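Encoded as structure tokens, the structure appears first; notes follow it.
The values are calculated or read from the model by the stated rules, or taken from the named source; none is laboratory data. As the structure is a computational prediction, the values presented were derived from the model and not from experiment. Backbone-built Cβ (ideal geometry, glycine too); neighbour counts: all protein chains shown. Accessible surface is based on the protein model in full, side chains and every heavy atom, while ligands, DNA and RNA are left aside. Shrake-Rupley method; radii C 1.70, N 1.55, O 1.52, S 1.80 Å.
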Amino acid sequence: PGRARRLLLSQLFQPLNLQAGGEAGCEGRPGEPTCRSQRLMLQAGLVHPSSPGCYCYLPPTVRAMEKLVRVMDEEMQAVGGQKLNLPSLSSAELWRASGRWDRMGPELFRLADRHGKEYCLAPTHEEAVTELVASQSNLSYRQLPLRLYQVTRKFRDEPKPRFGLLRSREFYMKDMYSFDVSEEAARQTYSLVCDAYCSFFNRLGLPFVKVQAATGSIGGTMSHEFQLPADVGEDRLLLCPAGHFAANVETVNGERTSCPTCGEKLTQTKGIEVGHTFYLGTKYSSVSNAVFFSPENKLQLAEMGCYGLGVSRILAASIEVLSTEDSIRWPSLIAPYQLCFIPPKKGSKEEEEGAALMERLYDDLTEALPHLSSDSVLDDRTQLTIGKRLKDANRLGYPYVIVAGKRVREDPPVFEVWDQNASGILYLTKEGVIELLSKVRVL
């Protein structure tokens with residue numbers, strides 16, 4: 001039964017193309033990667049280009065995304081979020097009513113069915129969710145606040161898709177929509193969700209900044225972006241070194257150079273937008289007539305907010321900001337696999353003893369720590385040297401790599417454990433390995 005559980009690297013559908021770093025980084029040539037995360041994800045067999053701005057997500061990437069969504073679920077449900085799923089196909093009538101059918105311009109994917117009825121492939125779902133809530137004709141103030149969210153594919157007809165998953169035409173997003181009884185309550189919800197976003201990025205260990213932002217085509221009266229500072233970012237940010245002020249340049253009137261709070265000179269940096277929050281007021285509820293009965297039994301418009309996290313973009317952006325030029329570094333919570341086992345090379349002195357010890361360690365470890373059983377990979381490409389497989393493991397970013405090297409012939413056998421996040425090597429017995437890995441958290 002232990003042997004049947006082992007996940008072998010040779011059987012993973014992850015077509016590796018791990019050439020020397022930089023070879024695939026020539027910018028500007030058609031089809032060539034234009035940023036670090038795109039190049040690393042292609043080399044590691046994490047994504048495969050399908051058409052401009054559209055990608056196949058391979059099994060390790062789906063695992064990482066599912067873990068990422070689990071972290072989002074925990075944070076959203078902690079603030080009272082209820083998960084639902086809205087159609088990707090959205091009626092043009094809804095979008096015309098809100099005025100966005102024309103305002104969104106050519107970025108909206110539009111289509112008609114066989115009866116000539118018009119639709120779009122939704123890039124966001126304000127209209128659809130407001131219509132859903134408006135259809136509940138007996139909604140009471142006692143049922144509010146409503147905080148409804150989903151994680152679905154979204155579509156945007158980008159004029160120039162680039163940077164892999166950072167700017168694509170088809171992408172995954174977590175979007176939440178809140179309905180409250182008053183402006184004061186809606187602003188409390190807004191603050192609560194912003195705090196949940198901060199908690200989310202902190203748990204991932206990502207160096208984010210929350211900045212004032214424009215409301216754009218979504219609308220509303222208040223908006224913030226969550227940005228990961230990065231050279232490849234398309235947004236320009238102004239930041240106070242002491243943390244008193246942070247804004248997207250597009251929101252700042254005139255040539256502001258100093259912090260309005262402390263007077264310090266503002267620094268400018270580029271950022272990748274990974275989250276966006278909006279206070280909407282009654283912009284959408286007034287169009288769809290999303291109302292509830294107040295304590296006085298009068299009909300009142302719900303006050304709304306909306307909140308987005310780019311799931312696939314966060315995945316790529318985290319690789320962009322944490323990785324080296326030729327090695328992926330994941331937020332450890334969402335690494336596709338936590339452990340990689342590397343047995344000895346075929347024909348080496350350690351082969352016979354080391355291979356059996358490694359398999360036993362794999363089985364004992366997954367028995368002692370069952371939560372790691374589906375998070376462990378055995379690199380069975382024993383025709384390759386340990387060094388070559390170790391280099392590949394380093395590039396793929398497994399948080400822990402366990403090697404059966406020369407010291408497995410000692411009594412008791414000693415394994416090499418490479419801790420990628422601490423950038424160190426430990427020499428441990430089987431019991432030591434199990435104790436070390438007992439601290440690993442898996443979602």
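Here are some notes:
- Exposed-loop-free span, longest in the chain, where trypsin sites (Lys or Arg not before Pro) count as exposed if DSSP calls them loop and at most 10 other C-beta atoms lie within 10 Å: 115-297
- Ranking S51, S168 by solvent-accessible area of protein heavy atoms (1.4 Å probe, all protein chains present), from largest to smallest, gives S51, S168.
- Per principal axis, descending, Cα span of the range 20-144 in whole Å: 63, 41, 25
- Given +1 at the Cβ of Lys and Arg, -1 at the Cβ of Asp and Glu and no other charges, the dipole of the range 61-322 around its Cα centre is 480 debye to the nearest 20.
- Translational diffusion coefficient of the range 61-322 (Stokes-Einstein, Kirkwood radius from Cα pairs, 37 °C, 0.692 mPa s): 170 µm²/s.
- FRET efficiency for C262 and E353, using Cβ-Cβ distance with R0 set to 51 Å, rounded to 0.05: 0.20
- Pairs from K406/K430; K349/K391; K346/K430 whose Cα-Cα separation, in the structure shown, is over 19 Å: K349/K391; K346/K430
- Label-to-label distance, K388 versus R236, with points set 7 angstrom from Cα along the beta-carbon direction: 4.9 nm.
- Exposure check, 1.4 Å probe, all protein chains in place: W418 carries approximately 70 Å² of accessible surface.
- Percent carbon-and-sulfur accessible area, the chain, ignoring ligands, DNA and RNA, probe 1.4 Å: 50
- Taking Cα atoms only, the orientation of helix 183-204 departs from the longest principal axis of the chain by about 10 degrees.
- Value of relative contact order over the range 337-438, rounded to a whole percent, pairs C-alpha under 8 Å and six or more apart: 31
- Given R0 = 45 Å, the distance between the Cβ atoms of N85 and Y427 translates into a calculated FRET efficiency of 0.35.
- Part-to-part distance (alpha-carbon centres) for the range 64-129 and the range 152-169, which is given in Å: 15
- Mean Cα-pair separation over length for the chain, i.e. relative contact order, pairs under 8 Å, 6 or more apart, %: 16
- Cα centroid separation - the range 263-278 against the range 176-218, whole Å: 15
- Accessible area expressed per residue, the chain, with surrounding protein chains retained (probe 1.4 Å, Å²): 45
- Convex hull volume per residue, computed on the Cα atoms of the chain, equals 186 Å³.
- S327 accessible area, assembled protein chains, probe 1.4 Å, Å²: 10
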